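S.K.: Below is the structure I would like to discuss, written out as structure tokens.
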Amino acid sequence: MPCVSKPIYHLTAALFATAIVAPNVSGQVIVTSRATQIRLSGRVHTQFNTTSTSGVISSEWVIRRARLTADVTVNDFVSGRVMPEFAEGGFELQDAYVRLTFSPSFQVKFGQFKRPFDLFELTSSTQILVIERTGSIRGVDSCAGASGVCTLSRLSEALEFSARDIGAMVEFITDNATYQFSVTNGAGANSPDENGTKSYTGRVSVSASDDVTISGNVALHDYMDTVNADDDFALAYGADVEYGNFDSGLHIQAGVIGGQNWGTLDLVGDPARFLTAQGILSYKSPVTNHKFVSAIEPVGRLSFADPDTDNGNDLGILITPGLAVHFVGRNKIAANIDVWMPDVGETEWSFKLQSYLHF
């Protein structure tokens, strides 16, 4: 059993106890204490997965996510979030930050949060259209230093251009655009800085219409150059578009990312170039007059990734057909089949079934 410090344990126990004794109301639980409001929510995702890869167990059940979220509002200026993770036999923090709201159009965050890069990573795990962002298949060889198939999200996460990190982020919001810029350690979530140099990430999102949002991303990630034994930076850039919403009808998410793969250095220390693209399409159809089911949503994904564009035999394609059955809110059950087709090597696949509890 993982070791949990007493303050964190007591805080978590108190939050759970509050949730138990709070009034039975629809949606999230709100606890008010003088000038402080605490909004509690949570998620539990249970997954069954298989793999066609030899050398590992053929199937398993896992608690994919188990999180309790406390959104704290001190006043109109100071707020924040604490979100611990209890899953797969471990304990760690996901989000942990304070937010200063200078005006409805200008906010600053300090702490651990998602870097503003990559639409698929920024979509909440309670709403992502496929079960696994990376299309993970147990036993498949590594990609950019991380275990798993090579996809857009795998490269984005493994090369530390997206996902959570520790630092500060500013956000400007206008009527039809959002501008975000962060300065972080670059070492990832729950990790101390490795070299004292910082990473920089920026994102601009524009609402082209009520149904279409177009975004551009850029990131400058600091890393240790193991060839020359000094600090260096890797550049990544990308764009994505989202059509539709999570409520009903056609929903499309598509993105492309390119840049320097600092996980692969040549003899003089120059990083390889990578290119990756992905599209996810779904159609959510409401179900009327059913006691339990509110909607049915078929989904399909196509992801292409080339971790080294100068190497002609390391790219691959991931195809994911799937179906989600929605109950109420973000509670659902989904099934996916991830099929990985590398340029060199065997085609591998994984069936995944996942339940989603959200409150």
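Derivation of every value follows stated rules applied to the coordinates shown; laboratory data play no part. All values reported here derive from a predicted model rather than from experimental measurement. In this analysis, Cβ positions are derived from the backbone assuming ideal geometry, glycine residues included, and neighbour counts consider all displayed protein chains.
S.K.: Just to be sure I understand the curve: with the Debye formula and one point per C-alpha of region 281-359, what is log10 I(q)/I(0) at q = 0.11, 0.14, 0.22 Å⁻¹?
M.R.: -0.42, -0.59, -0.97
S.K.: Hey, which of these cross-link pairs are over 19 Å Cα-Cα: 332/352; 291/352; 114/198?
M.R.: Correct reply: 291/352.
S.K.: Shape verdict for region 32-190, please, from the Cα gyration tensor: rounded (a/c under 1.5), prolate (a/b greater than b/c) or oblate.
M.R.: Judged from the Cα gyration tensor, region 32-190 comes out prolate (a/c at least 1.5, a/b above b/c).
S.K.: Further question on the same structure: Can you tally the net charge around residue 330? Count Lys and Arg as +1, Asp and Glu as -1, for every other residue whose Cβ sits under 15 Å from the Cβ of residue 330.
M.R.: Cβ neighbours under 15 Å give a net charge of +4.
S.K.: With viscosity set to 0.890 mPa s at 25 °C, what whole-number translational diffusion coefficient in µm²/s follows for region 149-228 from Stokes-Einstein and a Kirkwood radius over Cα pairs?
M.R.: 173 µm²/s
S.K.: Net charge around residue 353, counting only other residues with Cβ within less than 14 Å of its Cβ (Lys, Arg = +1; Asp, Glu = -1)?
M.R.: 0
S.K.: Which value in deg cm²/dmol, rounded to the nearest 500, describes the helix-derived mean residue ellipticity at 222 nm for the chain, given -39,500 (n - 2.57) per DSSP H run of n ≥ 4 and division by the residue count?
M.R.: -2000 deg cm²/dmol
S.K.: Among 221-230, 100-109, how do they line up by average Cβ neighbours within 10 Å per residue, starting with the highest?
M.R.: 221-230, 100-109
S.K.: Between 61, 340, 349, find the one with the highest GNM mean-square fluctuation for the chain; connect C-alpha pairs within less than 10 Å.
M.R.: Evaluated over the chain, the most mobile residue of the options is 61.
S.K.: Enter the Cα centre distance for the pair region 288-303 and region 180-218, rounded to the nearest angstrom.
M.R.: Cα centroid to Cα centroid, the span is 32 Å.
S.K.: Sticking with this structure for a sec: Determine which aspartates and glutamates satisfy two conditions relative to residue 284: a Cα distance under 20 Å, and not lying fewer than 8 residues away in the same chain.
M.R.: 132, 210, 211, 242, 247, 297
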